[in-house]
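Everything on this sheet refers to the single structure shown next.
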Amino acid sequence: MSQGLPGDPTVAGRLDQLHADLLQHRDYDLGFPGATDLPDVSALVPFERLLLNNVGHPFAPGGAYRLHTKHLEYEVIGFLADLFGAPLDNRHGYVTTGSTESTHWALWQARRQLAAATVYCSSAAHYSVAKAAELLRLRLREIPADERGEMRYDLLHAAVRRDSRHRRGTGVIVVASIGTTMTEAVDDVARIGAALDAAGVEPRRRWIHADAALAGVPLALDESVGRPAFMFTDGAHSIAVSGHKFMAVPFPCGVVVALADRHTGRGDITYTAAPDSTITGSRSGHAPLWLWYLLRHWGPAGLRARAEGARALARYTEQQLRGVGWPAWRAQPWAFTVVFPRPPQPLLDRWPLATDERGNAHVVLMPGVPPERVDRFVADLRDTVAAASGLLPGAMAS
Ligand SMILES: Cc1ncc(COP(=O)(O)O)c(C=O)c1O
């Protein structure tokens, strides 16, 4: 980029300034879960100037509009359906604008199937679940999460039982958080299913949506014993991931995969010559193109290696924080997220971090975070706290 002078009002000058500002913000970006280890994407440059619109149903080839990437979208859905254990003859899905739309779609689909359903999610679920329930006018029950952020299955069971007494035969929708936003705790879909069994909810009366925005792909790629259960084989009916989190697409997008026999559209639309089965009508054709390219570039082995590298950096970060006397923890061994008591405000002014009402803050060690950034953050925390009080919670600064 050409070097405009600061304050240069021309288009070039404004863009230069914007770019410089964004790069500066990136140097302090640890609080939000977007991977930044993009490979060379120059192969995608020729598509930049094409309007690519996957309007309508993802599997309806073409429809009326020909400039689309639905065949690549189909492959992206297939890759994730395989990864998440969806049956070969019973899979559906599409590329969304992100996990917010995916949750909205899953709840919409569930509501079309289940009479007078109630949505259950934990108190640590993403705020988009409550919003989708409100948009769809679905009753919402929040189930308390434990200290680390995982749903209390005993309380889920008790709530569903209590509700079933008054609302016999109605539908039960559970949104499981596969990596909560704040601590990356994982709700166990098999245990959710067992709680519903024990409460007498028959399989045809339930829908379990796994909101795996951040952790779905890296968790599914890990084959170690004890990995949390959240796949179709564990009882999920739909699973969603964001494309701009682990998969590093540099603009918001997501993928939702579902069991096809649970899916219903609204019939064919004459204008698009395709069934109406998605939340938005016009849909990005660039998002499937990027997702397809990155999945092909890394493949399962490359994706797994990225996840392992990020987890190693998360372990390192946790140790470094403890090393300066700042208590830090991870909700589960696969987490990229390190949680710790909220640091003093001057530090948060330099390092924008998400915080919660329990007094926690976190950093998320996504692929692409340079270890040097972690070292700078920990040193800044140590110095800020020392300047404020001379004391660190739990211990003296070394
Ligand atoms: C668990 C969870 N669900 C949903 C979302 C929303 O995802 P998106 O930004 O793709 O809409 C997030 C984002 O942080 C999240 O952490």
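Looking at Arg91, Arg112, can you tell me which residue is among the basic types (Lys, Arg), at pLDDT below 95 and under 19 Å from Thr264 (Cα atoms)?
So the residue among Arg91, Arg112 that is among the basic types (Lys, Arg), at pLDDT below 95 and under 19 Å from Thr264 (Cα atoms) is Arg112.
Hey, among the residues in region 188-205 that are assigned to a loop (DSSP other than H, G, I, E, B) and not hydrophobic (A, V, I, L, M, F, W, C), which one's farthest from the chain's Cα centre (by Cα)?
That would be Gly200.
Have a look at Val119, Val186, Val175, Val217 and point out the one that is buried (at least 24 other Cβ atoms within 10 Å of the Cβ), farther than 26 Å from Phe32 by Cα and in contact with a Leu (Cβ under 9 Å, 6 or more places away or on another chain).
Val119
So, Ala106, is that one buried (at least 24 other Cβ atoms within 10 Å of the Cβ) and either more than 16 Å from the chain's Cα centre (by Cα) or not in a helix (DSSP H, G or I) (or both) or not?
In short, no.
What's the number of the condition Ala86 fails, among (1) crowded, with 21+ Cβ neighbours inside 10 Å; (2) within 16 Å of the ligand (Cβ to nearest atom)?
(2)
Only one of Thr97, Thr103, Thr118 is away from the ligand (no atom under 16 Å from the Cβ) and of a type in the set (S, T, N, Q). Can you tell me which?
Thr118
Can Gly265 be described as surrounded by fewer than 21 Cβ atoms within 10 Å (Cβ to Cβ) and outside the structural domain of Pro343 (by TED's automatic domain parsing)?
In short, yes.
Scanning for something surrounded by fewer than 15 Cβ atoms within 10 Å (Cβ to Cβ), under 24 Å from Leu219 (Cα atoms) and modelled with pLDDT of 95 or more, does region 339-361 turn up at least one residue?
Checked against the condition, which is being surrounded by fewer than 15 Cβ atoms within 10 Å (Cβ to Cβ), under 24 Å from Leu219 (Cα atoms) and modelled with pLDDT of 95 or more, region 339-361 yields no hits at all.
Identify all residues within region 139-187 that are at positive phi and either within 25 Å of the chain's Cα centre (by Cα) or at pLDDT 95 or above (or both); write none if there are none.
Gly149, Gly179, Glu184
The values are calculated or read from the model by the stated rules, or taken from the named source; none is laboratory data. Keep in mind that what you see is a predicted model, and the values were worked out from it rather than measured. All Cβ positions, even for glycine, are placed from backbone atoms using ideal geometry, and neighbour counts span all protein chains on display.
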